[in-house]
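Below: one structure, written as structure tokens.
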Amino acid sequence: MIWTLDEEFATPQGTVRWAAFGSGDPVVLVHGTPYSSLLWRDIAPALANTRRVFVFDHLGFGRSDQREGQDLGLAAHARNFAGLLDHWGLSRPSVVAHDIGGAVALRTLLLEGREYRDLTLFDAVSGGEWERGLFRLILEHADVFRELPDYAHEALVAAHMRHATHAGFRPGVLEAFLAPWLGADGQAAFYRQYRQIRQADTAAYEDLLGEISIPVRIIWGREDRILPPKYAEWLRERIPHAELHWIEGAGHLLQEDAAAQLSAHLTAGFPPDLNGG
């Protein structure tokens, strides 16, 4: 599966790899865990017909550097994202964020002092009580998970990824998402990033959510089993002016389950009265 990130951004803890497509007003796509920018392979080309689209792999993910000792908490990801926006010279891009990408985007907006034109959050970690399921078990028993035999680790990660999609993956896609997490180095990297993602990093900005004044759109899969619909409702209550859209028959990975519907929402933009005309 061809998906290339030819550009590099150096951070003190390793290189972040990125790419940009198209021309027009900028939009930045922020992926979550345990995935990579490969999730945007259908969405980015659709947006690039009219926008300048930026994608990247978080440090520790995909094609970006993985190594021991990296700070891979949400606060560190937000600092890296702020640095990327500065590196790209983007003062007010549109931002689209999924899963922990939502928390990264919100921290960057509310705590790192960057500005967006508008923000779309879908099936996103944003706040509340989200340390749950497999994620909570990894936090509580990180040493056990790191010692899993390779076949058991691969089976666990594959099952977790399948659990995130309602419709299932197309041929070759699951294998591409699995690849960065296999082998001794990949297995270590998988648990390294999970054990550093903490609810405290979203609690730090929760009281500021009501102060967001830019246009915000929330999109959620009705069948999301990773972050069920109550998390969309939690977020909508705290950003009262946000639009909320449901996608039926779709799970946590809208990019896989409902790429056409997601693209339609994103290409439609925001009503003129919300986006300053």
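The values are calculated or read from the model by the stated rules, or taken from the named source; none is laboratory data. Bear in mind that the values here come from a model prediction, so they are computed numbers and not experimental data. Quick reminder, even Gly has a Cβ in these numbers, built from the backbone with ideal geometry, and neighbours come from all protein chains shown. Surface accessibility is based on the protein's heavy atoms, side chains included, excluding ligands, DNA and RNA. Shrake-Rupley method; radii C 1.70, N 1.55, O 1.52, S 1.80 Å.
Per-structure values
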quantity	calculated
3 or more residues in contact (Cβ under 8 Å) with a residue 40 or more places away in the chain and within 28 Å of GLU223 (Cβ to Cβ): qualifying helices (runs of 4 or more DSSP H) within the range 84-182	100-110, 133-140, 150-164, 173-178
Members of the range 174-209 that are over 28 Å from ILE2 (Cβ atoms) and of a type in the set (S, T, N, Q)	GLN196, GLN199, THR202
Selection count, the range 183-200, where residues are open to solvent by less than 10 Å² (accessible area, probe 1.4 Å) and either among the small types (Gly, Ala, Ser) or not in a helix (DSSP H, G or I) (or both)	3
Filtered residue count, the range 40-61, keeping only those that are closer than 29 Å to TYR194 by Cβ and out of contact with any Leu (no Cβ under 9 Å at 6 or more places or on another chain)	1
Residue list for the range 221-233, filter: open to solvent by 50 Å² or more (accessible area, probe 1.4 Å), acidic (Asp, Glu) and either under 13 Å from HIS98 (Cβ atoms) or not in a loop (DSSP other than H, G, I, E, B) (or both)	GLU233
Boolean, ASP123 is modelled with pLDDT of 95 or more, at positive phi and touching a Gly at 6+ places or on another chain (Cβ under 8 Å)	yes
ARG195, sole failed condition from (1) in contact with a helix residue (DSSP H, G or I) (Cβ under 6 Å, 6 or more places away or on another chain); (2) among the basic types (Lys, Arg); (3) under 28 Å from ALA250 (Cβ atoms)	(3)
Tabulated pairs, the range 232-261, first touching a residue at least 12 places away in the same chain (Cβ under 8 Å) and of a type in the set (D, E, K, R), second in a helix (DSSP H, G or I) and open to solvent by less than 30 Å² (accessible area, probe 1.4 Å), C-beta under 6 angstrom, 6+ apart or interchain	ARG238/LEU209
Residue in the range 234-255 that is farthest from ALA103 (Cα to Cα), counting only those that are touching a helix residue (DSSP H, G or I) at 6+ places or on another chain (Cβ under 7 Å) and not in a loop (DSSP other than H, G, I, E, B)	ILE247
Odd one out for ALA19 among (1) in a strand (DSSP E or B); (2) open to solvent by 20 Å² or more (accessible area, probe 1.4 Å); (3) within 20 Å of LEU262 (Cβ to Cβ)	(2)
Pairs, first at positive phi in the range 20-43, second assigned to a loop (DSSP other than H, G, I, E, B) and among the aliphatic types (A, V, I, L, M), C-beta under 6 Å, six or more apart	GLY22/ALA48
Filter result for the condition that a residue is at pLDDT 95 or above, surrounded by fewer than 12 Cβ atoms within 10 Å (Cβ to Cβ) and of a type in the set (Ser, Thr, Tyr), over SER263, SER213	SER213
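Per-residue answers, yes or no, for (1) closer than 28 Å to ALA258 by Cα; (2) crowded, with 18+ Cβ neighbours inside 10 Å:
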{"position": "VAL95", "(1), (2)": "yes, yes"}
{"position": "ARG107", "(1), (2)": "yes, yes"}
{"position": "TYR116", "(1), (2)": "yes, yes"}
{"position": "ALA124", "(1), (2)": "yes, yes"}
{"position": "LEU134", "(1), (2)": "yes, no"}
{"position": "ILE138", "(1), (2)": "no, yes"}
{"position": "ALA152", "(1), (2)": "no, no"}
{"position": "ARG162", "(1), (2)": "yes, no"}
{"position": "ALA167", "(1), (2)": "yes, no"}
